[in-house]
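Below: the structure, in C-alpha cells.
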Amino acid sequence: MEKVYIETYGCQMNFADSEVIASILQGAGYGLTTEIEEANFILINTCAIRDNAEQRVRHRVRELRALQGRLHQLRIGVLGCMAERLQSRLMTEEENVSFVCGPDAYRRLPEMLAQVRKGQRAAEVELSTTETYDDIEPVRLAGNGISAYISIMRGCQNYCAYCVVPYTRGRERSRDPETIVREARNLFEQGYREVTLLGQNVNSYSWGVQDCTVGFPELMEQVAEIDPRLRVRFATSHPKDLSDELLEVMARHDNICRCIHLPVQSGSNKMLKLMNRKYTVEWYLDRVAAIRRHLPDCSITTDVIAGFSTETEEDHQSTLELFRKVRYDYAYMFMYSLREGTYAWKHLADDIPEEVKKRRLNEIIALQGEIALKNNSHEVGREYEVLVEGESHRSRQQLFGRNSQNKVLVFDRGNAVPGSYRKVKVTACTAATLIGELVDNK
Ligand code: 5AD
Ligand code: SF4
C-alpha cells in the first residue's frame, strides 16, 4: 500500500482540511503515516497569509530534497492556499514539487497521485462556488480524541484590503447544517467532548432558501443541544456581523464556550476604512460592550496588524488605546505583509519601513503581555470547570486542560483523567497559563 504523509501549516481551517484530505485518500486506498521515511507522498498543506508563512514552506520543500535523494520514489505535493496562489508557477520555482492542489480540488487528489506515480506532474487549482466536502467524514489526525474541528463554511468575500484569502479560498459557501450536526453528534458518541465550528467568517453562515434558512445562531443552538457535556466553540467572527441574537443563544447554553475571537486589525478609523473592514472603532466597542452585557464572564481575543499602508504614529497609538480599553485575553499580532493580488497591492503603497513596523508590533506585544498577566492575576482564587486534555508539556506529574474561556490550566494530575471535566482552583499564573489544583481530588 502506498503511504501518504501530511504536514500542515497555517490556520485551524487548514488543519480541518488536512483531515478531509486524509479521508479522501484513505477512501482511495492510500495508507496514512506519521513516519516521513515510510511515505511515498508528502503532502504539504500550506498558508499564504503572510510572506513569512510562504518562506517557511519553501524552506521546508527545499530541505526535503535530501530525503528525496535517499528515497527515490518519494513525491512532494503542495496543497492549500499557497498552491492556489502560485499555481503551476510553484512547480517551476520548486523543481522537486510534483503536484499542486488548491483548497477546492481535494476530491481530485487520488487521480493526481495516480498521474504523479506515472511520472507526470499535475496541477488542480480550480475554485468552486459550491464545494463544502459536506459528505466527507474527516479522519481525525493526531487528535487527542477529546476536541475536534468541524468546518461549517468555506471561502471569504469580505475582501479586506490586505488579505489574500478571498483569492486563495474563493467565494463564501455554507455547509448543510444536517451534516454538521451529524458530524458533531458522531464525535460526541465517540467520546469527544469539544467541537470548534470553523469558518473565515462564521457569523455569515447561512443555509437554505427564502423563508427556511438556518443562520449561525440557529446552527450553534442545534449543535449545543446535542448534549450539555459537549462543549462548542467557534472561530472566526467578523465584528461587522456579530449579532445580539448569537450572544443570546450563547447565554442560554452553558456548553457554548465563553470565548469570542473578534479580530480588530486596527484601533484607528482611518486604517479600518482603508482596510475595508466595514466597521468603526465605535461599532467595535459597542460589540465588545454587548458581549460583556450578555456574557459577563466571556473572554475576548483578537488579531491585529501593525504597519498597514500609511499608518501614522497616531493611528498606532489608537491601536494601543483600543487594546487598553478592551483588555484582550489573548491576541495574535502581526506585521503587515503586502500580498500580491490584493486591493492593497494594487492601490496602496507598502510605505511603513520594516523597522517601524517591527517597533510598533513590539509595542503592541509588550502592552498585550502586561494586559494578559493582569487579567490572569485576577483569576487567582477562582474555580473553573476544566476539560482535561492531556499531560502538561513540562511535567508528567501534571495535566492540562482549558476552561470555557479557553484559558489553559495546569495542575497536579491527582486522580484526573483526560477527557473528563474537573473543577480546578487557580492558585497562580503567568501571562499565558493559569496554574491550579484539583478541587475534589478524592
Ligand atoms: N499581513 C499581515 N497580517 C495579515 N492578516 C491577514 N492578512 C495579512 C497581511 N497581509 C492577519 C489578520 C487576520 C489574520 C488571520 O491574519 O489579522 O485576521
Ligand atoms: Fe481575510 Fe478579511 Fe476574509 Fe478575514 S474577513 S479572511 S481578514 S478578507
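Taken together, the values in this text are just the output of simple stated rules run on the coordinates, not laboratory data. Bear in mind the structure is a predicted one, so any value in this text is a computation, not a measurement. All Cβ positions, even for glycine, are placed from backbone atoms using ideal geometry, and neighbour counts span all protein chains on display.
The figures follow:
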| item | result |
| --- | --- |
| Euclidean distance between Cα centres, region 324-375 to region 52-128, Å | 31 |
| Aspartates and glutamates whose Cα lies under 13 Å from that of Lys346, excluding same-chain neighbours fewer than 8 positions away | none |
| Sorted by Cβ neighbour density within 10 Å, fewest at the top, the residues His347, His253 | His347, His253 |
| Ranked Leu246, Leu285, criterion: other C-beta atoms within 10 Å, fewest first | Leu285, Leu246 |
| Shape of region 302-377, Cα gyration tensor, a/c cut at 1.5 | prolate |
| Gained length - Gln398 relative to Lys3, 0.36 nm times residue gap less alpha-carbon distance | 138.6 nm |
| Potential lengthening between Asp412 and Gln157 on full extension [0.36 nm per residue; Cα-Cα distance subtracted] | 87.2 nm |
| Using θ = phi - 60° and Karplus 6.51 cos²θ - 1.76 cosθ + 1.60, couplings along region 55-67 (whole Hz; Gly, Pro as x) | 4, 4, 5, 4, 4, 5, 4, 5, 4, 6, 4, 4, 5 |
| Computed [θ] at 222 nm, deg cm²/dmol, the chain (DSSP H ≥ 4; -39,500 (n - 2.57); rounded to nearest 500) | -10500 deg cm²/dmol |
| Residues of region 389-426 with amide N under 12 Å of a point placed 7 Å along Cα→Cβ from Val380 | 426 |
| Dipole axis of region 230-305 (+1 Lys, Arg; -1 Asp, Glu on Cβ), positive-most option in Val288, Val304, Val232 | Val304 |
| The chain - percent relative contact order, Cα under 8 Å, separation 6 or more | 10 |
| Among 369-380, 262-273, 60-71, 170-181, the order from most to least packed when residues are scored by Cβ within 10 Å on average | 262-273, 170-181, 369-380, 60-71 |
| Globularity ratio of the chain, using Cα Rg and 2.2 N^0.38 Å | 1.00 |
| Unpartnered cysteines - no second Cys beta carbon under 4.7 Å - across the chain | Cys11, Cys47, Cys81, Cys101, Cys156, Cys212, Cys257, Cys259, Cys298, Cys429 |
| Farthest positive-ward along the chain dipole, Cα basis, beta-carbon charges - from Leu64, Ala142, Val388 | Leu64 |
| Extension gain, Ser128 back to Glu37 (0.36 nm per residue minus Cα-Cα distance, nm) | 29.3 nm |
| Net charge of neighbours whose Cβ lies under 13 Å from the Cβ of Asn201, counting Lys and Arg as +1 and Asp and Glu as -1 | +4 |
| Amide H contacts of Cys429 (H built 1.01 Å from N, under 5 Å, at least 5 apart or other chain) | Ile435 |
| Unsatisfied cross-links (Cα-Cα over 25 Å) in the set Lys270/Lys407; Lys374/Lys407; Lys278/Lys407; Lys240/Lys358 | Lys270/Lys407; Lys278/Lys407; Lys240/Lys358 |
| Peptide ranges 290-301, 231-242 listed from the most packed, as the mean C-beta count within 10 angstrom indicates | 231-242, 290-301 |
